[in-house]
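Notes to accompany the following structure.
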Amino acid sequence: MMKIGDLAQRTGLKPSAIRFYEASGLLPSGARGANGYRLYTEAAVERLRLIQLAHRLGFSLDTLRSLLAADADGLPHEAVLTALAQRRTEIQTLRQALDAQEAELERLAAACRTEWARGQCVDLRSLTPAPASAPRQRRPQAAGLP
């Protein structure tokens, strides 16, 4: 058994993060010793390493919570594989959106260079959104960039 400080040192997490994971239902509460300190087993180290991996891979707390709910019987393999596939799909969608934004930024930069070389302002109305980028609701802006 180890105290929260020892657990923090072994996992590289702050004690406050460990308490947060407990409060969030991701980590079972540590047993209390006679002195009132939380005491954790080696299973807590492994659970926190799994939480850190999931966090690093961008899984939501809700997704992780649903996967860990069945952890008493072991992680549900099919559910884990499904969650991994869903996360990969999310990443692909994000990548497409970022690629579209990057292309639009490059078009804007090219328009700025061209128009500024002519001593003119860029007419933003002439720049159409890149394909596959959803129009966003924004505050009205000026018709051109100085």
*Roll a 1.4 Å probe over the protein heavy atoms and report the accessible area of Thr63 in Å², nearest 10.*
50
*Measuring from label point to label point, each 7 Å out along Cα→Cβ, what is the Leu53 to Asp6 span in nm?*
2.4
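Starting from the residue with the highest accessible area, list Glu46, Glu102 in decreasing order, probe 1.4 Å. Numbers along the way, then the final one.
Numbers: Glu46 100, Glu102 120 Å².
Largest accessible area first, the list is Glu102, Glu46.
State the Kirkwood hydrodynamic radius of the stretch 1-107 in Å, one decimal place, computed from all pairs of distinct Cα atoms. List each step's numbers first, then the result.
Values: mean 1/r = 0.0634 Å⁻¹.
Hydrodynamic radius (Kirkwood, Cα only) of the stretch 1-107 equals 15.8 Å.
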*asked:* Out of the total accessible area of the stretch 54-105 (probe 1.4 Å, heavy atoms of protein only), what percent is carbon and sulfur?
replied: 57
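The values are calculated or read from the model by the stated rules, or taken from the named source; none is laboratory data. Please read all numbers here as calculations on a predicted model, not as lab measurements. No Cβ is skipped: glycine too gets one built from the backbone with ideal geometry, and neighbour counts run over all protein chains shown. For accessibility, only protein heavy atoms count, side chains too; no ligands or nucleic acids. Shrake-Rupley method; radii C 1.70, N 1.55, O 1.52, S 1.80 Å.
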